[in-house]
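*Asks:* Below is a structure I'd like to ask you about.
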Amino acid sequence: MEKIKSLKGVNDILPEEASMWSYITGIARSSFSYWGYEEIILPIIEESRLFVRGIGEQTDIVEKELYAFTDKGGRNISLRPEATASTVRAYLEHSFDQKGVPARFFYCGPMFRGEKPQSGRNRQFYQFGVEVLGADSPLHDVEVIIPAWNFLNKLGLKKTELIINSVGCAGDKENYSRLLLDYVQEYGDGLCKNCQERAKRNVLRILDCKNPACREVLRRAPRIIDNLCAECTRHFSLVQTTLEDAEVGFKVDPYLVRGLDYYTRTVFEIHHSGLGAQSAICAGGRYDNLIAELGGRSEGAAGFAFGMERTLLAVRAEDIDLPVNHPPRVYAIALGESARLRLFSISRRLRQEGVSVVMNYEDKSLKAQMRQADKQHSPYVLLLGQEELDREEIVLRDMTTAEQTSIRLETVVKDIKAKVLA
Ligand code: HAM
């Protein structure tokens with residue numbers, strides 16, 4: 001049979017990369033916990049209407065990218081394209097809204113969007129992020145932005161830029177949409193086909209267009225931050241002064257809107273300059289209407305999500321060496337059947353004592369096994385042949401210095417542990 005390959009845009013995460021993923025999520029989990037974010041593990045499938053309602057019917061995600069299917073019970077189900085809507089669903093389903101305090105969640109896991117794959121854009125990708133719900137103060141916006149920023153500093157990334165904007169409240173968005181529509185209608189045919197379509201359905205999406213002709217038109221378009229109500233202006237101003245006070249550098253991009261409909265007031269993205277077209281490694285903002293939209297009372301919320309693949313591309317672009325990938329301490333080589341059984345037992349006892357050991361069970365020559373030991377990059381090799389067995393000894397070779405020591409089998413576990421863990 002022809003070999004089966006993984007789906008386009010759906011990748012295997014091989015061991016070397018997987019260890020970096022765990023390292024990065026470990027740092028995220030621990031640094032966000034200082035701000036009170038607790039892990040929540042959300043389902044990968046949900047009722048489709050959660051995303052249609054939550055993210056917005058006219059967004060690219062819902063219109064074109066949702067992996068939706070009908071299951072055998074006739075239910076409309078989707079693979080989650082993001083985790084914010086699910087977090088709100090869980091918040092309401094488990095009555096966190098009745099507790100009278102903001103709920104803070106951290107999550108990580110795979111998301112699914114049927115996008116055109118390219119570097120940094122996959123159909124199955126991995127996000128980690130936080131959400132704070134029941135949170136109206138502008139300080140909550142900042143308590144999501146600062147940990148995201150600090151996390152990048154912890155990883156050692158430098159070529160990052162934080163951009164923020166305010167898209168205002170629902171009323172502001174409506175007024176601004178009208179202003180923008182009036183403005184773009186003057187240019188009619190000067191806009192790309194996509195934008196002409198967007199103008200009819202969701203005019204704010206035009207601001208996301210990358211087409212140079214549309215960008216030129218938009219350079220002089222009215223700006224949403226010049227058209228905010230007094231309360232949203234005050235809110236955005238407080239976010240900015242608090243970020244300045246925390247010495248978090250940012251740039252205001254008055255045309256930043258996000259591809260999901262639920263955002264209100266503060267929106268932000270963190271870009272990395274080494275990534276090309278898909279440069280946003282993190283994105284988020286406030287969503288004051290989503291909880292009510294999904295059946296709760298009217299209360300605010302904010303959050304963000306990092307894309308793991310892009311975060312790793314950024315780590316690679318800056319040549320950052322993450323402290324991962326520990327080869328096993330010891331590679332065990334046996335020559336002959338009785339030595340193999342004896343060494344199997346010694347290796348098992350060493351592991352119980354906290355020494356990592358890999359062993360080759362095939363009947364190969366010493367030379368062939370030494371070659372394999374080299375490939376493993378283990379700092380030590382344990383060698384047991386018939387001759388050593390007869391002497392009740394085993395040889396420990398330090399692969400860095402090439403020094404060989406004979407160790408009595410009687411005390412082998414204690415002595416090797418002392419040497420290789422020293
Ligand atoms: P988003 O901008 O759609 O926002 O995604 C957040 C991040 O996920 C992006 O900045 C990017 O790093 C990564 N990402 C998105 N799509 C892909 C893809 N196809 N392939 C690889 N990486 C991707 C959200 O998902 C919101 N839920 C964020 C949020 C949380 N807002 C409030 N709370």
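*Asks:* From the phi angles alone, apply the Karplus equation (6.51, -1.76, 1.60; θ = phi - 60°) to segment 61-71 and give each ³J(HN,Hα) in whole Hz, x where the residue is Gly or Pro.
*Replies:* Per-residue couplings from phi come out as 4, 6, 5, 10, 10, 5, 8, 10, 8, 9, 7 Hz.
*Asks:* Looking at the chain as a GNM with Cα springs under 10 Å, which of Glu186, Glu362, Glu65 has the largest mean-square fluctuation?
*Replies:* Ranking Glu186, Glu362, Glu65 by mean-square fluctuation puts Glu362 first.
*Asks:* Taking Lys419 as the anchor, which lysines have their alpha carbon closer than 25 Å to its alpha carbon, excluding any fewer than eight residues away along the same chain?
*Replies:* The qualifying lysines are Lys367, Lys375.
*Asks:* Could you tell me what percent of the accessible area of the chain is made up of carbon and sulfur, with a 1.4 Å probe and every protein chain present?
*Replies:* That share works out to 50 percent.
*Asks:* Ok, one more. Please determine, in degrees from 0 to 90 and to the nearest 10, the orientation of helix 170-185 with respect to the longest principal axis defined by the Cα atoms of the chain, where the helix direction is its Cα long axis.
*Replies:* With both axes taken from Cα atoms, the answer is about 80 degrees.
*Asks:* Also, I was wondering about something else. Note down the magnitude of the dipole of segment 1-151 about its Cα centre, charges +1 on Lys and Arg C-beta and -1 on Asp and Glu C-beta and zero elsewhere, to the nearest 20 debye.
*Replies:* 480
*Asks:* Where is the GNM fluctuation largest for the chain (alpha-carbon springs, 10 angstrom cutoff): Ala230, Ala170, Ala301?
*Replies:* Maximum among the listed residues: Ala230.
*Asks:* Moving to a separate point now. Please check: in the Gaussian network model of the chain (C-alpha springs, under 10 Å), which one of Arg123, Arg201, Arg310 has the largest mean-square fluctuation.
*Replies:* For the chain, modelled as a Gaussian network with Cα springs under 10 Å, the answer is Arg201.
*Asks:* Quick one: which residues, 5+ away or cross-chain, put their amide H under 5 Å from the amide H of Glu39? H built at 1.01 Å from N.
*Replies:* Here the answer is Phe106, since their amide H atoms fall under 5 Å of that of Glu39.
*Asks:* Nearest 10 degrees, 0 to 90: what angle lies between the long axis of helix 84-93 and the longest principal axis of the chain (Cα atoms)?
*Replies:* It is inclined by approximately 90 degrees.
*Asks:* What is the spin-label model distance, in nm, from Glu393 to Leu181 if the labels are put 7 Å beyond Cα along the C-beta direction?
*Replies:* Between Glu393 and Leu181, the label points sit 9.0 nm apart.
*Asks:* Return the long-range amide H neighbours of Asn11 (sequence gap of 5 or more, or a different chain), with a cut-off of under 5 Å between placed amide H atoms.
*Replies:* Gln124
*Asks:* Now for a different question. Evaluate the distance, in nm, between pseudo-label points positioned 7 Å from the Cα of Ser30 and of Ala317 along their respective Cα→Cβ axes.
*Replies:* 2.7
*Asks:* Let me ask something additional. Which lysines, if any, have their Cα less than 18 Å from the Cα of Lys193, not counting same-chain residues under 8 positions apart?
*Replies:* Correct list for Lys193: Lys64, Lys210.
*Asks:* Using a probe radius of 1.4 Å on heavy atoms only, what accessible surface per residue do you get for the chain? Whole Å² is fine.
*Replies:* Per-residue value: 50 Å².
*Asks:* Collect residues whose amide H, placed 1.01 Å from N in the peptide plane, falls under 5 Å from the amide H of Gln127; neighbours closer than 5 in sequence don't count.
*Replies:* Gly109, Met111, Met308
*Asks:* Calculate for the chain the 222 nm mean residue ellipticity that helices alone would give, adding -39,500 (n - 2.57) per DSSP H run of length 4 or more and normalising by residue count, nearest 500 deg cm²/dmol.
*Replies:* -11500 deg cm²/dmol
*Asks:* Can you bin segment 111-165 into rounded, prolate or oblate? Criterion: square roots of the alpha carbon gyration tensor eigenvalues sorted a ≥ b ≥ c, rounded for a/c under 1.5, prolate for a/b above b/c, oblate for the rest.
*Replies:* Values: a/c = 2.37, a/b = 1.44, b/c = 1.65.
Oblate.
*Asks:* How long are the three semi-axes of the equivalent ellipsoid for segment 32-114, computed from the Cα gyration tensor as the root of 5 times each eigenvalue, in whole Å, largest first?
*Replies:* Taking √(5λ) for each Cα gyration eigenvalue gives 25, 14, 12 Å.
*Asks:* Still on this structure: Across segment 372-388, in residue order, what do the Karplus-derived ³J(HN,Hα) couplings come to in whole Hz, using 6.51 cos²θ - 1.76 cosθ + 1.60 with θ = phi - 60° and x for Gly and Pro?
*Replies:* Those phi angles translate into 5, 4, 4, 5, 6, 6, 6, x, 10, 10, 9, 10, 9, x, 4, 4, 5 Hz.
*Asks:* Quick check: pseudo-label points 7 Å beyond the Cα along Cα→Cβ at Asn153 and Lys375, how many nm apart are they?
*Replies:* So the label points at Asn153 and Lys375 sit 4.5 nm apart.
*Asks:* Follow-up question, since we're still on this one. Starting with the highest mean, order 177-185, 25-33 by the number of other Cβ atoms within 10 Å, averaged over the residues of each peptide. Walk me through the numbers on the way to the answer.
*Replies:* Numbers: 177-185: 15.2, 25-33: 16.9.
Result, highest mean first: 25-33, 177-185.
The values are calculated or read from the model by the stated rules, or taken from the named source; none is laboratory data. On a predicted model such as this, the values are computed, not experimentally measured, just so you know. In this analysis, Cβ positions are derived from the backbone assuming ideal geometry, glycine residues included, and neighbour counts consider all displayed protein chains. Just so you know, the surface numbers come from the protein's heavy atoms only, side chains and all, with ligands and any DNA or RNA stripped out. Shrake-Rupley method; radii C 1.70, N 1.55, O 1.52, S 1.80 Å.
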